[in-house]
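**Student:** Take this structure first; my questions come after.
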Amino acid sequence: MSKDRSPRRRPERTTTRIAASKPKRRRWPLVIAFLGLVLAAGGTYAVVRIPWPAVAEVRVRGTEVLDPVALAQLSGLEGQSMLRLPLAQARERLLEVPQIKKVTFGRSWPAAVTIRIDERKPWGFWAVGGRDYPVDDEGVVLAGGAPSSLFARIVEP
């Protein structure tokens, strides 16, 4: 029997309509991304806060008059984390010593720090009240040492 396809009659459906459902929200990718961020933040915090690797050796280079062991202790770097060295504070402490002109730091991984000291060199004497004080080329009074060659003598009455 032939099917009637006249406009008066609706054609029969041969397929069933699948109900359109709302798209499922996939939460697993969001949960995994959130956990990854939490682990990354926690790991970064741990690396920065844990004193590992710690400075085990402080080397002092460039000293002639000053004691390198005392300068290493004065810097306060031994035992500090190599990742978070307080170099600004160490520089301030070392520059309080009048004989030190310049300080630079270098890291020797995994656990050593090298401090490079530029000492002030005596240039002449400053005579005040019958006493001689060695001074460098910038006029800084030094605690010890004398110029090694011909020197200037600045006398104040």
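**Student:** Net charge near ALA72: determine it from the other residues with C-beta under 10 Å of the C-beta of ALA72, scoring Lys and Arg +1 and Asp and Glu -1. Kindly include the intermediate steps, with their values, before the conclusion.
**Tutor:** Numbers: positive: ARG59; negative: GLU57, ASP67, GLU78.
Combined, the nearby Lys, Arg, Asp and Glu give -2.
**Student:** Given R₀ = 25 Å, FRET efficiency for GLU138-LEU85 by Cβ-Cβ distance, to 0.05?
**Tutor:** So the FRET efficiency works out to roughly 0.30.
**Student:** Oh, and also: Quick one: which residues, 5 or more positions from LEU142 or on another chain, have an amide H under 5 Å from its amide H? H modelled 1.01 Å from N in the peptide plane, none for Pro or chain starts.
**Tutor:** Amide H neighbours of LEU142: VAL135, ASP136.
**Student:** Just to confirm a number: summing +1 for Lys and Arg and -1 for Asp and Glu over residues other than ARG59 whose beta-carbon lies under 13 angstrom from that of ARG59, what do you get?
**Tutor:** That works out to +1.
**Student:** How many percent of DSSP beta bridges within segment 36-144 run antiparallel, rounded to 5? Could the numbers behind the result be given before it?
**Tutor:** Working: 15 of 20 bridges.
Taking every DSSP beta bridge with both residues in segment 36-144, the antiparallel ones total about 75 percent.
**Student:** List residues of segment 48-72, by number, whose backbone nitrogen lies under 20 Å from a label position 7 Å along Cα→C-beta of THR114.
**Tutor:** Inside the label zone: 54-72.
Laboratory data are not the source of any read-out in this text; all were calculated from the coordinates shown. This one's a predicted model, so the numbers in the text were calculated from it and none came from an experiment. Cβ coordinates were reconstructed from backbone atoms using ideal geometry, including for glycine residues, and neighbour counts include every protein chain displayed.
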